[in-house]
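The values are calculated or read from the model by the stated rules, or taken from the named source; none is laboratory data. Worth saying up front: this structure is predicted, and the values here are computed from it rather than measured. Methodologically, a virtual Cβ is constructed for each residue, glycine included, from the backbone with ideal geometry; neighbour enumeration extends over all protein chains shown.
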Amino acid sequence: MSEVATVAVGWGVTAVAVASYALWVLLRGRTIGQELDIGGSSSMLSDKDSTTDQ
Amino acid sequence: MLPEALLIARKDLKIEMRSKVALGQVAPLALLILVIFAFALDANSMLLKLGAGGLFWISALYGGTMLVQRSFDLESEDGNFDALRMSNIDPSAIFLGKTLALFVQIGILELVIGPAILILYETQVSDWLLLLLAAVAGTLAFAVCGVLWGVMASGLRVRTTLLPLLLVPVLSPVLLAGSRAFETALGVRAGDGWTWTGLMFVIASLHTAVGLGAFGFLLEEG
Amino acid sequence: MSIVVDFRDVVAVAGSFPVLTGVDVRIDAGELVLLSGANGAGKTSLLRACAGLQPVSAGSAEVLGYDLRVDRRAPRRYIGLLGHENCLYRDLRVREHIEFRASVAGLKMSDASDSLARVGLDDRLWSAPVAALSAGQRRKLAIASIIVSRPRLWLLDEPHAALDSEGRLTMNSIMEEVASLGATVVFASHDKELSEQLASRVITMSNGRLTEDSGAS
Amino acid sequence: MTSAKGRSVKMTATPFTRALGFLALAAVAVMALLGLVVSPPDVVQGEAVRMLYLHVPAIWIAYGSFAVTSVSSLLFLRRGKRREDKGRHYDRLGGAAAEVGVLFTGVTLITGMLWGKVTWGTYWQWDARLTTTVLLFVTYLGYLALRRLPADPVVRGRRAAIMALISFINVPIVHYSVDWWRTLHQKASLSVGRRPEITGEMYWTLLYSAVAVTFVAVWLVTHRYRVIRLEEIRDEEMLTALISQRVSQDLPPVSDGDFDE
């Protein structure tokens, strides 16, 4: 693998890992919030949804 | 506290004497692992001789983990943990007693695999005192950590899988130090086996300190 | 008379299930109390809460003057608990077992042999391994192990279970005897006939709380 | 849609964390720009040096998170006993920080291995730091496994806190022994890829990246903390419901003459 490709893979994997964790935390929060019949506002998720691109 | 600890240790050892799990089941398995290593390394006597120290500790780790499991399974059986909790024995004494019993049992296991390694892998001992002290230090550290994590995992449904996951990372420095010290004692590598042995004693003492302090908590919550 | 068990609005949770949902009970020294109720009514949990084994999550709970919410261990040395399980090491012999329990309680072996005779275990069983005993004999050995420690509060969960009719009568006479000596006995049983004539007070539980109390003060 | 006003404790997003989230996103975008485009390639390592800006902040964050876990575990054990809520906020913080710590330890390992491949020519070296890090990773994975087991929350918290403290005293032991093992062993082979000279733009980029990643980590820990809190509220509400359900079943007492078993 070339140096540039390696760097790209490293940054890419990191971005995906951190973003999926963030998304998982948000979704879990929203799911439980809805179960409790609170929170769950769509704005809460759409704000943070953009985190996916890190 | 000490007499109570001896009471617990004697009870555990008596149970082992009757059931012979360490000698009858775990030791043969550990021996088998020594043979399997020879298969894996294609009976290359040079490699086996070089790796003897490490292979000893790996098979001791494997067998010892089973003994830890066993030591706490017999307390979870038939509600014996409740009896221990109700008995008003100082939890630190229970900790010391179980550690002592485990030390003896793992020691017995090592007395079986040690000579087997000398014979099967054609190793020679160049420093008996170092070998002995390193074995004592490593076994002590093993027993202390084993009791600490054993009680934490005991009573959980997933204990058979959880215990090794928790125990092995903690014991990795012991495995490392034990292997290096044994390599010096077996004369396959010049090195400071005594310092490694000292490190194992340090590990054992640190965990003993934690165990004496925390065992009450852990026993209560188990 | 001194109050041995003083529970006010006690809630206890096992896992995520509320096993006690607000228990209010006071038990005096020397009482012989029968806990009655269907399976799952909370009898075992109440006994374990008294022993400090089941944590209490709400309300106030005192046993023998010790606040369980501060220290669950403190009263244990005065308590004898017989659970569903017998707390026996299968690989020990009867003699070794009773020796172990006696020395853990800080007592001599002579006390231990008396207690074995008291529950009606034959001398000849002394060297038998625990694993070889019948269910009833194991129960008797468990009871003997409790007698050895001479508790002030006896918490017995189904003491009659697995015993033959003679053993049940012996069990009853033991409970009567210790209560007459001033100890407190709380026991759960499904054997209505044997229990109700014995008990000085009957407490009925349902859904984790008391529904009837013949001796409510 | 319920208003968030006055119930903010039950929400995982508040105006503050929302702002923090945007700040973190912006900071990461700038970090990518600086690290991948603006900063120059290293004289020795060339483009590969760009891994530095991820790898090094990640391990800093991981160490920081585990330090937070250790401190909050200690506080939980020492201060928690007498408090009405048993100090469970310390437990939550410890759990949230450990999870983020494991995530960033994983990032460190992956970026480190990739970086090693291009500079040392191999994914794995039995280098002291790599070995220590992988043991750290497994240790805290075990911690998270222990936390996930069902138990009374306070009991589980105490058990986890004790494990966190033991793990913490183990970190220097592991580090020291592995370090010593390697220095005794192969003195020469480690100097394969020379460390880059960190000066000027690279230095500032690294420092900036550390700040940006810290924002991300703080955001993650805060949200995870709140989700744990939500999980607890849900469990408590289920419990309350169960209690009232059991209490309402009370009458009439069906149990009196029940003799089965």
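Of all residues in segment C:132-146, exactly one satisfies the criterion of being more than 14 Å from chain B (Cβ to nearest Cβ) and within 15 Å of the chain's Cα centre (by Cα), namely C:LYS140.
Going residue by residue through segment D:118-125, is there one that turns out to be crowded, with 21+ Cβ neighbours inside 10 Å and modelled with pLDDT of 90 or more? Scanning segment D:118-125 turns up no residue that is crowded, with 21+ Cβ neighbours inside 10 Å and modelled with pLDDT of 90 or more. Looking across segment C:110-144, the residues that are among the β-branched types (Val, Ile, Thr) and modelled with pLDDT of 90 or more come down to C:VAL130, C:ILE143. Determine which member of the set C:LEU68, C:LEU32, C:LEU116, C:LEU82 is out of contact with any Pro (no Cβ under 8 Å at 6 or more places or on another chain) and within 26 Å of B:ASP78 (Cβ to Cβ). Result of the check over C:LEU68, C:LEU32, C:LEU116, C:LEU82: C:LEU116.
Can you say whether B:GLU183 is within 24 Å of B:MET46 (Cβ to Cβ), at pLDDT below 90 and either surrounded by fewer than 18 Cβ atoms within 10 Å (Cβ to Cβ) or not small (Gly, Ala, Ser) (or both), as far as the supplied structure shows? Spelling it out, it is not the case that B:GLU183 is within 24 Å of B:MET46 (Cβ to Cβ), at pLDDT below 90 and either surrounded by fewer than 18 Cβ atoms within 10 Å (Cβ to Cβ) or not small (Gly, Ala, Ser) (or both). Looking only at residues in segment C:61-79 that are within 8 Å of chain B (Cβ to nearest Cβ) and crowded, with 20+ Cβ neighbours inside 10 Å, the one that is nearest to C:PHE187 (Cα to Cα) is C:ILE79.
Looking at this structure, is B:LEU84 within 14 Å of chain C (Cβ to nearest Cβ) and either under 15 Å from the mean Cα position of the chain (by Cα) or assigned to a helix (DSSP H, G or I) (or both)? Quick ask: steps written out before the conclusion?
Numbers: within 14 Å of chain C (Cβ to nearest Cβ): yes; either under 15 Å from the mean Cα position of the chain (by Cα) or assigned to a helix (DSSP H, G or I) (or both): yes.
Answer is yes for this residue.
Surrounded by fewer than 18 Cβ atoms within 10 Å (Cβ to Cβ), under 24 Å from B:THR208 (Cα atoms) and either within 14 Å of chain C (Cβ to nearest Cβ) or out of contact with any strand residue (DSSP E or B) (no Cβ under 7 Å at 6 or more places or on another chain) (or both): is that true of B:ILE108 in this structure? Answer is yes for this residue.
All of (1) more than 10 Å from chain D (Cβ to nearest Cβ); (2) closer than 19 Å to B:GLY51 by Cβ; (3) among the hydroxyl-bearing types (Ser, Thr, Tyr) hold for B:THR208 with one exception: (2).
For first residues located in segment D:170-181 and at the interface with chain B (Cβ under 9 Å from one of its Cβ atoms) and in a helix (DSSP H, G or I), partners that are surrounded by fewer than 18 Cβ atoms within 10 Å (Cβ to Cβ) and hydroxyl-bearing (Ser, Thr, Tyr) and lie 6+ apart or on another chain with Cβ distances below 9 Å form the pairs D:TRP180/B:THR195.
Every listed requirement among (1) within 16 Å of C:LEU34 (Cβ to Cβ); (2) touching a helix residue (DSSP H, G or I) at 6+ places or on another chain (Cβ under 6 Å); (3) not basic (Lys, Arg) is met by C:ALA144 save one, (1). Residues in segment A:19-33 that are of a type outside the set (A, V, I, L, M) and either buried (at least 16 other Cβ atoms within 10 Å of the Cβ) or within 8 Å of the chain's Cα centre (by Cα) (or both): A:SER20, A:TYR21, A:TRP24, A:ARG28, A:GLY29, A:ARG30, A:GLY33.
One residue stands out among those in segment D:105-142 that are assigned to a helix (DSSP H, G or I) and among the small types (Gly, Ala, Ser): the one that is farthest from D:THR69 (Cα to Cα), which is D:GLY116.
Counting only residues that are modelled with pLDDT under 70 and more than 12 Å from D:ASP42 (Cα to Cα), segment D:193-215 holds 1 of them. Within the option set B:LEU171, B:LEU148, B:LEU156, B:LEU165, being within 9 Å of chain D (Cβ to nearest Cβ) and in contact (Cβ under 8 Å) with a residue 24 or more places away in the chain holds for one residue only, B:LEU148. Residues in segment D:34-46 that are surrounded by fewer than 18 Cβ atoms within 10 Å (Cβ to Cβ) and over 26 Å from the mean Cα position of the chain (by Cα) were compared, and the one that is nearest to the other protein chains (Cβ to nearest Cβ) is D:GLY46.
For D:SER65, indicate whether it is polar (S, T, N, Q), surrounded by fewer than 23 Cβ atoms within 10 Å (Cβ to Cβ) and either in a helix (DSSP H, G or I) or more than 10 Å from every other protein chain (Cβ to nearest Cβ) (or both).
Numbers: polar (S, T, N, Q): yes; surrounded by fewer than 23 Cβ atoms within 10 Å (Cβ to Cβ): no; either in a helix (DSSP H, G or I) or more than 10 Å from every other protein chain (Cβ to nearest Cβ) (or both): yes.
Here the answer is no, as D:SER65 does not meet what is asked.
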